[in-house]
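To start, the structure under review is shown below, and the notes come after it.
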Amino acid sequence: MDKTLGLNLFQTSSTPIAVPGTRVELSNGDIYRYIKAGASGISAGKMQLAPAQVANHVNQTGSAVVGAVGARQVILNVGATAVTADQYKDGLLVINDATGEGYTYRISGNAALASSGSGKFDLLDPIQVALVASTSEYTLVANSFNGVVEAASSVRKAAGVPAVSLTAAYYGWAKTKGAASVLIGTAATSGARLMCDGSTAGAVTDNSDVTTVQTEVIVGSASYGAGVSTEYNVIELFID
């Protein structure tokens, strides 16, 4: 019996009913993810992207206070970009260099930090290797489905296509696998692999990368026929 039959894909709310990123698979194989809209409203049928990484929260040096083995809280210095309260809730703390490198910890919440300030980050996982102040380097990674945006980028991670339009900061469901009506950008040639359009926010278009290294994120294919620019045509999503 399909336990997802009671799922309301058009339900929206200002408070969450699940953690952003929660994955639901229907009996036909379609997959949806629970998302939260960013600072602007988002539209049904438009491809959403994960929040952009903040340069001043990437590859930062050390912690203001050493995170001891077994601790579930660290105090971190950030670069010249402020951090809002719980901006990295359900995201990741990655130790990318020096002592503790190679470890990834889940973040359960964080305090608001001023630009170039320091503050607390609470972790779901205990620290495995003690961090060294001013030595251990870290990167903060936001939950890919918390604060999604419509943006024109062919290289950012895709977060799916909303089943319904969402008010800014509201929660709802986005499709990541299966047939979906999606805004077409420049072109969608029948049978082509599709990427996020680099010039039209929320649209998809033909993969144009012909280099030996794939530099564009593929989100689906025009498996049901050609797409018409500016229209919402059915494509096959395979983000998940």
Residues that are within 20 Å of G41 (Cα to Cα), among the basic types (K, R) and in a strand (DSSP E or B), drawn from the range 156-193: K175
In the range 94-112, residue farthest from V19 (Cα to Cα) [restricted to those that are of a type in the set (A, V, I, L, M, F, W, C) and open to solvent by less than 10 Å² (accessible area, probe 1.4 Å)]: I95
Residue check, K89 open to solvent by 10 Å² or more (accessible area, probe 1.4 Å) and not in a loop (DSSP other than H, G, I, E, B): no
Residue in the range 123-130 that is farther than 12 Å from D90 by Cβ, open to solvent by 60 Å² or more (accessible area, probe 1.4 Å) and at pLDDT 95 or above present: yes
Any pair with Cβ under 9 angstrom, 6 or more apart, that starts in the range 7-26 at a residue that is in contact (Cβ under 8 Å) with a residue 60 or more places away in the chain and outside any loop (DSSP other than H, G, I, E, B) and ends at one that is among the aromatic types (F, W, Y) and open to solvent by 60 Å² or more (accessible area, probe 1.4 Å): S13/Y170
Selection from the range 98-119 of residues that are modelled with pLDDT under 95 and either assigned to a strand (DSSP E or B) or aromatic (F, W, Y) (or both): S118, G119
Test: residue in the range 157-177 that is under 30 Å from E231 (Cα atoms), among the polar types (S, T, N, Q), out of contact with any His (no Cβ under 8 Å at 6 or more places or on another chain) and surrounded by 15 or more Cβ atoms within 10 Å (Cβ to Cβ): yes
Selection from the range 195-216 of residues that are part of a strand (DSSP E or B) and in contact (Cβ under 8 Å) with a residue 60 or more places away in the chain: C196, V204
Checking V219 against (1) open to solvent by less than 30 Å² (accessible area, probe 1.4 Å); (2) assigned to a loop (DSSP other than H, G, I, E, B); (3) in contact (Cβ under 8 Å) with a residue 40 or more places away in the chain, the condition it does not meet: (2)
Answer residue from the range 36-71, given it is touching a Pro at 6+ places or on another chain (Cβ under 6 Å) and within 29 Å of N96 (Cα to Cα) and is surrounded by the fewest Cβ atoms within 10 Å (Cβ to Cβ) among those: G70
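The values are calculated or read from the model by the stated rules, or taken from the named source; none is laboratory data. Since this is a predicted model, take the numbers as computed values, not measurements. Heads up, the Cβs are rebuilt from the backbone with ideal geometry, glycines too, and the neighbour counts pull from every protein chain shown. Calculation scope for accessible area: heavy atoms of the full protein, side chains included, ligands and nucleic acids excluded. Shrake-Rupley method; radii C 1.70, N 1.55, O 1.52, S 1.80 Å.
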